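Enquirer: Below you'll find the structure I mean.
What follows draws every value from the coordinates through simple rules; no lab data is involved. Treat the numbers as computed from the prediction; the structure is a model and nothing was measured. Because the Cβ atoms are built from the backbone with ideal geometry, glycine has one as well, and the counts that use them run over all protein chains shown.
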């Protein structure tokens with residue numbers, strides 16, 4: 001099939017077209033590590049959720065090299081094209097959702113994993129101010145300490161050009177989508193949102209410290225075993241020691257005392273889940289609460305039937321959100 005950037009479509013589920021009904025609106029942005037996913041994934045469909053008297057919308061955005069690429073020859077461009085797509089979708093929803101029974105002044109933007117991270121970007125972006133009233137970040141706070149400066153994004157653009165053996169940026173534009181994706185694959189899909197100084201003015205930690213974010217209410221949380229299915233079964237206590245020595249040498253004894261080292265895989269999961277998602281979630285929650293925003297935090301621990309080998313895994317909450325267990 002032909003590959004195209006023509007992906008800016010959205011889906012709407014509503015049980016009323018009465019423009020006076022003013023139902024709450026929930027806009028879903030999918031995850032997928034900024035490289036995959038789509039708005040109509042079977043487990044993310046909004047038909048069940050819409051029966052709860054809300055209007056549900058799911059959106060697409062450009063991904064991978066098409067959504068998050070920049071280069072010295074276009075350094076005046078944001079490079080955050082995927083996020084700009086999301087802002088455009090939110091603006092469309094605000095302008096038109098009343099025709100589908102929704103209240104444009106009561107929009108919740110919610111997403112999981114990369115989608116949740118994008119919610120945090122737009123909470124902090126002046127370009128999305130006023131487009132949504134509430135945000136829900138599901139397992140998406142990992143970006144708090146994983147920032148991509150603009151200069152690094154520009155260097156990545158030059159590396160991509162070298163991989164493609166292209167003389168300049170214009171030559172790159174003439175290449176097929178398949179060639180660009182092959183280059184991305186050879187570089188292990190490194191494209192992601194960068195601190196462009198406009199859409200993302202500064203790193204999120206700094207913006208939160210300054211109180212420089214949009215006035216939205218927030219729900220944020222993570223699952224108990226986010227990393228378990230990604231941890232190698234052969235992991236050892238020595239691997240855990242090395243990780244702690246690399247990041248938290250001054251807290252090594254305390255951290256080791258808190259971990260069940262009899263099960264190294266579970267111990268590593270607890271360590272990295274706390275490091276990557278739980279602690280950043282707490283930081284974001286406290287920052288917004290300090291500013292007077294309404295903030296709610298959750299911790300999802302349920303093991304779905306059939307998931308006993310991967311416990312309460314990354315994404316396990318999604319079918320509970322959408323009531324799509326049969327489609328999962």
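Enquirer: Suppose R0 equals 41 Å; then what is the FRET efficiency for residue 234 and residue 301 from their Cβ-Cβ distance, rounded to the nearest 0.05?
Expert: 0.95
Enquirer: Divide, for region 280-328, the radius of gyration over alpha carbons by 2.2 N^0.38 Å, where N is the residue count. Intermediate results must be reported in sequence, preceding the final value.
Expert: Details: Rg = 14.6 Å, N = 49, 2.2 N^0.38 = 9.7 Å.
Rounded to two decimals, the normalised Rg is 1.51.
Enquirer: Region 72-111: Rg/Rh from Cα coordinates, Kirkwood Rh?
Expert: Working: Rg = 14.1 Å, Rh = 11.9 Å.
Expressed as Rg/Rh, it is 1.18.
Enquirer: Sticking with this structure for a sec: Restricting to the chain, what percent of DSSP beta bridges are antiparallel, rounded to 5? Show your work: numbers first, answer last.
Expert: Details: 4 of 32 bridges.
Expressed as a percentage, antiparallel bridges in the chain total about 10.
Enquirer: Region 224-328: percent of C-alpha pairs farther apart than 22 Å?
Expert: Percentage above 22 Å: 43.
Enquirer: Please arrange 268, 229 by how many other C-beta atoms lie within 10 Å of their C-beta, fewest to most.
Expert: Fewest to most other Cβ atoms nearby, the residues stand as 229, 268.
Enquirer: Before anything else, pin down the relative contact order of region 1-88: Cα pairs under 8 Å, at least 6 apart, normalised by residue count, whole percent.
Expert: In percent, rounded to a whole number, it is 33.
Enquirer: For a distance above 15 Å, tell me the whole-number percent of Cα pairs in region 99-158 that qualify.
Expert: I get 60 percent for the Cα pairs in region 99-158 exceeding 15 Å.
Enquirer: In what sequence, highest mean first, do 30-38, 306-314, 165-173 appear when ranked by Cβ atoms within 10 angstrom?
Expert: Those peptides, ordered most packed to least, come out 30-38, 306-314, 165-173.
Enquirer: How high is the relative contact order of the chain, given as a whole-number percent (alpha carbon pairs under 8 Å, six or more residues apart)?
Expert: 20 percent
Enquirer: Averaging the inverse of every distinct alpha carbon separation and then flipping it gives the Kirkwood radius. What is it for region 144-276, in angstrom units?
Expert: Over region 144-276, the inverse of the mean reciprocal pair distance is 18.6 Å.
Enquirer: Mind checking the alpha-carbon convex hull of region 6-123 and giving the volume per residue in Å³?
Expert: Roughly 103 Å³ of hull volume per residue.
Enquirer: So, how do all the Cα-to-Cα distances of region 48-183 break down into 10 Å bins, in percent, from 0 on up?
Expert: 11, 35, 29, 18, 7, 0
Enquirer: Right, something else. Jot down the per residue volume, in cubic angstrom and as a whole number, of the convex hull over the alpha-carbon atoms of region 32-90.
Expert: Each residue corresponds to 75 Å³ of Cα convex hull volume.
Enquirer: Let me ask you something else. Arranged by the count of other C-beta atoms within 10 angstrom, fewest first, what order do 188, 265 take? Please list the in-between numbers first.
Expert: Details: 188 7, 265 17.
So the ranking, lowest neighbour count to highest, is 188, 265.
Enquirer: Fully extended, how many nm does the chain gain between residue 8 and residue 150 (0.36 nm per residue separation, minus their Cα-Cα distance)?
Expert: Full-extension gain reported as 48.6 nm.
Enquirer: Scaled to the compact-protein estimate 2.2 N^0.38 Å, what is the alpha-carbon radius of gyration of the chain, rounded to two decimal places? Mind dumping the intermediate values first?
Expert: Working: Rg = 20.6 Å, N = 328, 2.2 N^0.38 = 19.9 Å.
Normalised Cα radius of gyration, the chain: 1.04.
Enquirer: Give me D for region 132-216 in µm² s⁻¹, whole number, from Stokes-Einstein with Rh from the Kirkwood sum over alpha-carbon pairs, 10 °C and 1.306 mPa s.
Expert: 104 µm²/s
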